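What follows draws every value from the coordinates through simple rules; no lab data is involved. Source: prediction; values computed, not measured. Counting neighbours? That spans all protein chains shown, and the Cβs are built from the backbone with ideal geometry, glycine included.
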Amino acid sequence: MRIYLDNAATSWPKPEVVYNALDKYQREVGAAAGRGGYRDAIEAQRVVAAARREVAGLIGAADPNRIVFGGNCSDALNLSIHGVLRPGDHVVATVCDHNSVLRPLAEQTRTRDVAVTYVGCDGGGYVDPDDVRRAIRPQTLLVIVTHGSNVTGAIQPLAEIAAVAKTAGVLVMVDAAQSVGHVAVAVEKLGVDLLAAAGHKGPLGPSGTGFLYVAPGVENQLRPIRQGGTGIESQLDRMPDELPTRYEAGSLNAPALAGLAAGVKYLRERTVGEVAAHEAMIINRLCDGLRTIAGVRVYGPAPGQPRGPVVSFSVAEYDPQEFAAALDSSCGIQCRAGLHCAPRMHEALGTTALGGAVRMSPGWSTSPADIDRTLEAVAAIAGA
């Protein structure tokens, strides 16, 4: 029996409506969205528009046209970082960031003379808003916040950090890959300028989906980093000014967006709060159980602190990769081990020399029985 605990990489299984929407689009529509005036091309565009509305509703954005679709969260983060920064700018980021933030920023420092300050975190993986305030300089253009850690699960105090940035007149960019679909997000209430997320994780969509929210006025600072066909303004030798087309070069992955619309609708009909409550119960059960097993050390938030459905741990005398492989081969428990594309986070936790950690990330369909079986397996292997 398979127990899938790698939802932080991509959610599985998807709700049945997601599979149905993908299949229906491929079999019955098939046309490219925004590339024709015939019936099925119009239907394709309607499907894409429905996906924008669902995503906008999920994150509290009033205008669906401020949702820009891309291939994944990394795609959206690259557009944000490379599109908004200029030579000589300064960025405040954190040690909690994923390589989808770290690597674009490193490229900016190498090629465009952009400076970056990385703010630390406490033992639970939380960033202090006062540390962000102290890191801001006159040259600071952007504060980047990873809302939910893909290593510890810590949910950052986004409202407080955004308020600090806004007081200083600095743009706020959010990596919400591990929070959207798991916790409530309201971009307009928070005053977020740019928010990137993956459609294939918490929103329950298929692979090949991601999106970027662009706040009103930010498009004046955000350059397109790709150019190509858009289906409109074909006489121009540049990308059109119209949102979201300005940032969507080439044909969209319309079949996957049909699935994303279905996944988000499924999620919203059950409310994010209901899903979050289930995931919180599951993750608490997992953390509580892991803490009772000899030789196991759990990293990240203490009980009761804000967190998403991610937990990382190490087992004495075991390499994380070896332990995860043993769980898979002997028990069918699928999780991830290593540095999780977040090397600075592991440095902060002191787990780099260990080879990282074992990460388990339950999802919307994980049952208490799945967790109990997992804990039995961890205890058996750890005590072997």
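For the stretch 39-79: of the residues being part of a helix (DSSP H, G or I) and polar (S, T, N, Q), which is nearest to N220 (Cα to Cα)?
Step by step, filter the stretch 39-79, then rank; the result is N65.
Restricting the stretch 119-149 to residues that are within 24 Å of the chain's Cα centre (by Cα) and among the small types (G, A, S), which is farthest from E160 (Cα to Cα)?
The residue in question is G123.
Under the condition of being assigned to a loop (DSSP other than H, G, I, E, B) and surrounded by 15 or more Cβ atoms within 10 Å (Cβ to Cβ), which residue from the stretch 17-34 is farthest from the chain's Cα centre (by Cα)?
Step by step, filter the stretch 17-34, then rank; the result is A31.
If you check R285 against the conditions, is it assigned to a loop (DSSP other than H, G, I, E, B), among the charged types (D, E, K, R) and touching a helix residue (DSSP H, G or I) at 6+ places or on another chain (Cβ under 6 Å)?
Against the criterion (assigned to a loop (DSSP other than H, G, I, E, B), among the charged types (D, E, K, R) and touching a helix residue (DSSP H, G or I) at 6+ places or on another chain (Cβ under 6 Å)), R285 does not qualify.
Just need a number here: residues in the stretch 109-124 that are outside any loop (DSSP other than H, G, I, E, B) and not charged (D, E, K, R).
7
One line per residue, one yes/no per condition, for (1) among the aliphatic types (A, V, I, L, M); (2) closer than 16 Å to E347 by Cβ:
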site	(1), (2)
N99	no, yes
D113	no, no
A135	yes, no
S149	no, yes
T152	no, yes
I155	yes, no
A162	yes, no
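Name the single residue that is farthest from the chain's Cα centre (by Cα) among those in the stretch 329-359 being in contact (Cβ under 8 Å) with a residue 24 or more places away in the chain and assigned to a loop (DSSP other than H, G, I, E, B).
G332
Could you pull out the residue among A162, A106, A135 that is farther than 30 Å from P13 by Cβ, in contact with a Phe, Trp or Tyr (Cβ under 9 Å, 6 or more places away or on another chain) and without any contact (Cβ under 8 Å) to a residue 60 or more places away in the chain?
After ruling out the rest, the residue left standing is A135.
Going by the conditions given, is C341 surrounded by 16 or more Cβ atoms within 10 Å (Cβ to Cβ) and touching a His at 6+ places or on another chain (Cβ under 7 Å)?
Judged against the criteria, C341 is a match.
Condition first: closer than 30 Å to S361 by Cα, out of contact with any strand residue (DSSP E or B) (no Cβ under 6 Å at 6 or more places or on another chain) and not in a helix (DSSP H, G or I). Now tell me which residues in the stretch 125-151 satisfy that.
Those that are closer than 30 Å to S361 by Cα, out of contact with any strand residue (DSSP E or B) (no Cβ under 6 Å at 6 or more places or on another chain) and not in a helix (DSSP H, G or I): D128, S149, N150.
If you take the residues in the stretch 35-56 that are under 8 Å from A261 (Cα atoms) and of a type in the set (G, A, S), which one is surrounded by the most Cβ atoms within 10 Å (Cβ to Cβ)?
A51
To keep it simple, each residue is scored yes or no on (1) in contact with a helix residue (DSSP H, G or I) (Cβ under 8 Å, 6 or more places away or on another chain); (2) surrounded by 13 or more Cβ atoms within 10 Å (Cβ to Cβ); (3) in a loop (DSSP other than H, G, I, E, B).
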position: E188; (1), (2), (3): no, yes, no
position: A196; (1), (2), (3): yes, yes, no
position: G208; (1), (2), (3): yes, yes, yes
position: F211; (1), (2), (3): yes, yes, no
position: E219; (1), (2), (3): yes, yes, no
position: R223; (1), (2), (3): yes, yes, yes
position: R226; (1), (2), (3): yes, yes, yes
position: S234; (1), (2), (3): no, no, yes
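Return only the number of the condition from (1) more than 25 Å from the chain's Cα centre (by Cα); (2) not in a loop (DSSP other than H, G, I, E, B) that Y318 does not satisfy.
(2)
Mind listing whichever residues of the stretch 360-382 are under 26 Å from the mean Cα position of the chain (by Cα), outside any loop (DSSP other than H, G, I, E, B) and not acidic (D, E)?
M360, S361, P368, I371, T374
Scanning for something under 18 Å from A382 (Cβ atoms), basic (K, R) and out of contact with any His (no Cβ under 8 Å at 6 or more places or on another chain), does the stretch 307-329 turn up at least one residue?
There is no residue in the stretch 307-329 that is under 18 Å from A382 (Cβ atoms), basic (K, R) and out of contact with any His (no Cβ under 8 Å at 6 or more places or on another chain).
Does T292 fit the bill of being over 16 Å from the mean Cα position of the chain (by Cα) and either farther than 29 Å from V172 by Cα or part of a helix (DSSP H, G or I) (or both)?
yes
Find all pairs meeting these conditions: Cβ atoms under 7 angstrom apart; at least six residues apart or on different chains; first residue within the stretch 69-90 and hydroxyl-bearing (S, T, Y); second residue surrounded by 22 or more Cβ atoms within 10 Å (Cβ to Cβ).
Sorted first by the residue in the stretch 69-90, then by its partner, the pairs are S74/S100; S80/M173; S80/L194; S80/A196; S80/L212.
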